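I have placed the structure first, in the form of structure tokens, so that the comments after it can refer back to it.
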Amino acid sequence: MATWTKNDASVAPYVDPTPLPPSIPSVEEVGTTSAPLKSAAFFIGAYCKDFNEDFMLCKAENRNPEHCLKEGRKVTRCATDIITKLRENCLAEFDKHWQCLENNNQQYYMCRKPERALNKCVFEKLGLVKAIPGSPQGQPQIHEKTSPIFGAMQK
Amino acid sequence: MSVPYRQDLPPPGGFEAIKYKRNLPFKGPSGIVMLAGVTLFCGYGFYRVGQGNLEKRELKREKTWARIHLVPMLLAEGDRDAYRRQQAALEREKEIMKDVPGWEAGKSVYHDKKHVPRESIVVL
């Protein structure tokens, strides 16, 4: 006999092996873990601005997941593209930075040194700049500060 | 025994001056100097706290924007997965309810056209 169980009390994981219907073009997921994503976040934001904004405007139109699949694929392809480009052009700097984030609770302020190297490399090779919207005008942004108050205790 | 007469006189050069002046050795900086010093010290400390608060605000802004930049990518991935599960659930519903006449698989319980996510999922 079937009995009712709360979904979140289930011992089985919430897995559905059914693939997407074949009418939906397939797209490779980004598949990157949190630290590399955090390291690349501002470059994803700069590089994929148009796709991201398009997608979010589409989501604002209708929250149905079916509504924005096309825009979503573009967003994912763009994110995969920039991460591939990062790895092609600045692999050493990128690896250093995200490994530092991984070891430091994913705090940007703990990893300014590798971040500077990464930002420099990305600017030279890809022309992308890390810019934080809403930062105070006429002052260096937080990641450009030479002697910040908050930093790693051990240099 | 007789002692030769000798008048008692001051020592050659006279007596030394009488020490009537107060002897007050230097005992450290005065109150006003200490007060000024402490004020300066605390002032610098508060200045650093202020600067630190501004910096904290910027760090928070940085973290928030890093997340904002990642939202579309993560949402797109989640949407694809949600759509896939939705379609699978719809197929299952169609299969299970195929013998019930008049049953519309996947029909919303609301008249509203707005998308309402499913309240419950079927854990396979």
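General remarks:
- Options A:R87, A:R112, A:R63; residue that is assigned to a loop (DSSP other than H, G, I, E, B) and either surrounded by 16 or more Cβ atoms within 10 Å (Cβ to Cβ) or out of contact with any Gly (no Cβ under 8 Å at 6 or more places or on another chain) (or both): A:R63
- Region A:82-100: number of residues that are over 27 Å from A:F51 (Cα atoms) and in contact (Cβ under 8 Å) with a residue 24 or more places away in the chain: 1
- So A:G138, is it loosely packed, with under 14 Cβ neighbours inside 10 Å, out of contact with any helix residue (DSSP H, G or I) (no Cβ under 7 Å at 6 or more places or on another chain), farther than 26 Å from A:T33 by Cβ and not aliphatic (A, V, I, L, M): yes
- A count restricted to region A:38-60 and to residues that are of a type in the set (F, W, Y), open to solvent by less than 20 Å² (accessible area, probe 1.4 Å) and more than 8 Å from chain B (Cβ to nearest Cβ) stands at 1.
- Residues of region A:66-77 that are in contact with a Cys (Cβ under 7 Å, 6 or more places away or on another chain), open to solvent by 10 Å² or more (accessible area, probe 1.4 Å) and either under 26 Å from A:Y108 (Cα atoms) or assigned to a helix (DSSP H, G or I) (or both): A:E71 alone.
- Put simply, of B:V116, B:V122, B:V100, B:V71 the only residue that is surrounded by fewer than 17 Cβ atoms within 10 Å (Cβ to Cβ), at pLDDT 95 or above and either among the hydrophobic types (A, V, I, L, M, F, W, C) or part of a loop (DSSP other than H, G, I, E, B) (or both) is B:V71.
- A:M153 passes every criterion in (1) surrounded by fewer than 12 Cβ atoms within 10 Å (Cβ to Cβ); (2) among the aliphatic types (A, V, I, L, M); (3) outside any loop (DSSP other than H, G, I, E, B) apart from (3).
- Odd one out for B:Y110, checked against (1) among the hydroxyl-bearing types (S, T, Y); (2) within 14 Å of another protein chain (Cβ to nearest Cβ); (3) assigned to a helix (DSSP H, G or I): (3)
The values are calculated or read from the model by the stated rules, or taken from the named source; none is laboratory data. Computed from a predicted model, the values in this text were never measured in an experiment. Counting neighbours? That spans all protein chains shown, and the Cβs are built from the backbone with ideal geometry, glycine included. Quick note on the areas: whole protein, heavy atoms, side chains included, nothing else; ligands and nucleic acids left out. Shrake-Rupley method; radii C 1.70, N 1.55, O 1.52, S 1.80 Å.
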